[in-house]
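What follows is a short report on a single structure.
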Amino acid sequence: MRNYSVFSLAREALRGHRGWAEQWRSPEPKNSYDVIIIGAGGHGLATAYYLAKEHNITNVAVIEKGWLGGGNTGRNTTIIRSNYLYDESAGIYNHAIKLWEGLSQELNYNVMFSQRGVMMLAHNVHDVQVFKRHIHANRLNGVDNAWLTPEEAKAFCPPLNISKQARYPVMGAALQRKGGTARHDAVAWGYARGASDRGVDIIQNCEVTGINRDAKGNVTGVETTKGTILAKKVGVVAAGHSSVLMNMAGIQMPLESYPLQALVSEPVKPVFPCVVMSNTVHAYISQSDKGELVIGAGTDQYTSYSQTGGLHILNHTLDAICEMFPMFSRMKMLRSWGGIVDVTPDRSPILAKTPIGGLYVNCGWGTGGFKATPGSGNVFAHTIARDEPHEINAPFTLERFRNGRLIDEAAAAAVAH
């Protein structure tokens with residue numbers, strides 16, 4: 001990135017704060033661009049990167065009302081997996097996994113991708129049946145997934161309590177070995193540097209206040225706090241705020257927004273080797289490279305743009321963690337936060353062109369946004385560049401809510417969201 005060495009960027013990544021992004025020397029916007037991307041999170045920056053790299057469209061501006069990577073990209077639990085039930089979901093998430101595997105080399109930036117495995121626990125007969133169904137469906141789609149006995153699950157994750165006297169005893173687990181974690185903000189910074197090096201403008205502290213259209217209804221640009229910017233095409237990629245932005249263009253989105261909570265513990269030496277998720281007791285956990293236990297909680301049961309949420313949800317989550325992993329019961333929690341997730345009626349994303357000429361939208365990922373980052377940006381760039389969907393994101397249209405061709409990935413989170 002301009003005026004920053006790889007070493008200084010890595011140092012900022014390890015510090016884990018927004019200082020580097022705040023010091024980014026944002027260019028002043030030009031009068032016009034071929035494409036404007038609204039939202040400088042992982043998906044928006046990835047879209048800009050692939051527009052430049054794969055489609056040779058470099059007259060692109062990524063507009064962000066805050067600082068890059070400061071939204072949901074920096075407020076998630078970093079989990080990456082593709083063990084989804086339905087064909088459409090498996091397609092997009094497995095496409096992302098394949099890109100994740102070479103992303104550090106692709107960007108020449110260490111995104112700390114670690115394929116340590118994602119294990120989903122079964123606590124009752126229903127869980128066993130559901131996860132075995134997932135395993136068979138995944139194998140048909142070329143997605144790795146395997147069934148483990150309680151003893152095999154314990155061997156893979158030694159801190160796990162498999163006592164039959166537990167309130168919810170472990171009856172087995174589904175394991176995707178290719179799943180894992182990555183450093184969330186490093187992903188945004190890596191894509192930002194890659195896009196910037198190819199001529200993309202990344203403009204921070206520039207809020208979009210309107211989307212302009214001509215007499216025929218086609219997009220002509222955007223109004224911002226830095227003035228009017230003309231553009232032939234506009235892509236909206238702003239998790240938690242997509243419905244607000246799309247309303248500016250006269251489109252009502254089938255979205256609801258909820259705060260999704262998480263927290264981290266004090267750092268300790270490496271003790272937790274994988275990612276573990278449990279639906280029945282509602283908790284998921286991994287350990288970061290800094291040593292913190294990263295713990296995912298649930299969504300509040302009311303629509304809100306709050307980034308805090310109800311305290312009782314965190315308490316329930318910590319109760320569950322202490323039941324499954326008694327060795328963590330005396331650890332201290334350092335901080336909690338909430339990200340705003342957009343949820344569609346069928347719990348699957350919208351990744352498509354809209355009825356308005358030159359306007360495209362990428363939203364509704366719910367809890368699946370981070371893990372889809374490279375795949376989402378890759379196919380969304382294709383959609384914008386060619387004005388038609390890639391075969392992978394073709395099912396994720398807005399029209400499906402009118403014609404009834406829903407995907408209905410209701411169990412997408414693998415926890416009770």
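Could you tell me the calculated FRET efficiency between residue 31 and residue 101, based on Cβ-Cβ distance and R0 = 45 angstrom, to the nearest 0.05? Write down the numbers at each step before the final one.
Numbers: r = 40 Å, r/R0 = 0.89.
It comes to 0.65.
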Fill in the blank from the handout: Helix 42-55 sits off the longest principal axis of the Cα atoms of the chain, rounded to the nearest 10 on a 0 to 90 degree scale, by 60 degrees
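Report, to the nearest whole %, how much of the accessible area of the chain belongs to carbon and sulfur atoms, 1.4 Å probe, protein only. Display every interim value, and only then the final one.
Values: 8590 of 17190 Å².
With neighbouring chains kept in place, the figure for the chain is 50 percent.
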Exercise for the section: Choose one answer from 268, 276, 341: the residue with the largest mean-square fluctuation in a GNM of the chain with alpha-carbon springs under 10 Å. Expected result: 268
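Under the rule a/c < 1.5 gives rounded, and otherwise a/b versus b/c splits prolate from oblate, where does the stretch 39-101 land using the Cα gyration tensor?
Details: a/c = 2.72, a/b = 1.36, b/c = 2.00.
Since a/c reaches 1.5 but b/c is at least a/b, the shape of the stretch 39-101 is classed as oblate.
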Handout entry: Calculated FRET efficiency for the pair residue 337/residue 247, C-beta based, R₀ 30 Å, to 0.05
Key = 0.65
Practice task
Provide Rg and Dmax in Å for the stretch 158-263, with only Cα atoms included in the calculation.
Solution key: 22.1, 69
Handout entry: the chain - share of DSSP beta bridges that are antiparallel (%, nearest 5)
Key = 70 percent
Practice task
Would you please state which residues of the stretch 233-251 a label at residue 401 would reach in this model, taking the label point 7 Å out along Cα→Cβ and a backbone N cut-off of under 17 Å?
Solution key: 236-251
Exercise for the section: Compare the peptides 373-381, 119-127 by average per-residue count of other Cβ atoms within 10 angstrom and give them in order, highest first. Expected result: 373-381, 119-127
Completion exercise
All alpha-carbon distances of the chain, grouped into 20 Å bins from 0, give the whole-percent distribution 28, 58, 14, 0
Exercise for the section: Calculate the spin-label point distance for residue 161 paired with residue 87, positioning each point 7 Å from the Cα along the beta-carbon direction, and give it in nanometres. Expected result: 4.3 nm
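What's the FRET efficiency of residue 215 with residue 140 using the Cβ-Cβ distance as r and R₀ = 56 Å, to the nearest 0.05? Each step should come with its number before you reach the end.
Values: r = 50 Å, r/R0 = 0.89.
That pair, residue 215 with residue 140, gives E of 0.65.
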Exercise for the section: Multiply the residue gap between residue 387 and residue 327 by 0.36 nm, knock off their C-alpha separation, and tell me the result in nm, one decimal place. Expected result: 16.3 nm
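Given the DSSP H assignment, sum -39500 (n - 2.57) over each helix run of at least 4 residues in the chain and divide by its residue total; what's the result at 222 nm in deg cm²/dmol, nearest 500?
Values: 12 runs with 125 residues, N = 417.
Helix-only estimate at 222 nm: -9000 deg cm²/dmol.
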Exercise for the section: Once you have a ≥ b ≥ c as the square roots of the Cα gyration tensor eigenvalues for the stretch 118-176, tell me rounded if a/c is under 1.5, and otherwise prolate or oblate according to whether a/b is larger than b/c. Expected result: oblate
Completion exercise
With the 1.4 Å probe rolled over protein heavy atoms, the chain has an accessible area per residue in Å² of 41 Å²
Practice task
Along Cα→Cβ, 7 Å out, is where each label goes; now give me the distance between the ones at residue 177 and residue 256 in nm to one decimal.
Solution key: 4.0 nm
Fill in the blank from the handout: Relative to the chain, whose Cα atoms define the longest principal axis, helix 6-15 and its Cα axis are tilted in degrees, nearest 10, by 50 degrees
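The values are calculated or read from the model by the stated rules, or taken from the named source; none is laboratory data. Because the structure is predicted, anything quoted here is derived from the model rather than measured. Counting neighbours? That spans all protein chains shown, and the Cβs are built from the backbone with ideal geometry, glycine included. Surface areas here come from the heavy atoms of the whole protein model, side chains and all, with no ligands, DNA or RNA. Shrake-Rupley method; radii C 1.70, N 1.55, O 1.52, S 1.80 Å.
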